[in-house]
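This report concerns only the one structure given below.
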Amino acid sequence: MMNITVGIDPGLSGAVCFLYPEGTIDIFAWEGHAKANALISLYQNAIFAAFVEDPPMIPKGHVAIHKLQRNVGWWRGLFMGAGIPVRMIPPKEWQKILLPKRVKTETTKTRSVETVRLLVPASWDYVYKPAHHNIADAILLAYYGAKHWGRP
């Protein structure tokens, strides 16, 4: 049965979240292409869809952006090659819906960590400080995909 929703923060310190219909999650830190490929192959028949964050092309560091966009493309190709529907989600799209606006000085990383703990109680074991924003983003992408793009 295809019912797992996958959320991916594609950064070099990114994470992968498998969100199950009952609200439980599995989190995997980015450990390279070989492990990610094996992981997706293992769960291929159970995945409903994948939601990959597609960050904007900000010209702060050309090498960093190049590596990030290469990861985004790699994830997209992996899912397409496995026959799994994949949707690229710009950060502003899911953040506008899921992250509450509060104090202007508060970063999206802080809001992401706080929000995921409210929306997905299973995240408490994985996300408990601002440094875990990459995990929080992966979980929120899976949550956003399941809630706003439908899941059987």
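Assorted remarks:
- Subset of 35/147; 35/67; 92/147 violating a 23 Å alpha-carbon distance limit: 35/147
- In the chain, helical runs assigned H by DSSP with n ≥ 4 each contribute -39500 (n - 2.57); averaged across all residues and rounded to the nearest 500, the mean residue ellipticity at 222 nm is -14000 deg cm²/dmol.
- Cβ crowding within 10 Å averaged over residues, with 135-146, 67-78 ranked highest first: 135-146, 67-78
- Packing-based order for 9-21, 114-126, 89-101, using average beta carbon neighbours within 10 Å, highest first: 9-21, 114-126, 89-101
- Mean Cα-pair separation over length for segment 4-148, i.e. relative contact order, pairs under 8 Å, 6 or more apart, %: 35
- Dipole of the chain computed with +1 at Lys/Arg Cβ and -1 at Asp/Glu Cβ about the Cα centre; of 20, 78, 113, farthest Cα towards the positive end is 113.
- Correct choice for Kirkwood radius over Cα pairs in Å that was computed from the model, options (1) 16.0; (2) 15.4; (3) 16.7: (2)
- Charges were assigned to the Cβ only: +1 to each Lys and Arg, -1 to each Asp and Glu. The resulting dipole of the chain about its Cα centre is roughly 520 debye.
- Straightening the chain between residue 28 and residue 12 buys 4.5 nm, computed as 0.36 nm per residue apart minus the Cα-Cα spacing.
Only the coordinates and a few stated rules stand behind these numbers; no lab work does. In this text the structure is predicted, and so the values were computed from the model without any measurement. All Cβ positions, even for glycine, are placed from backbone atoms using ideal geometry, and neighbour counts span all protein chains on display.
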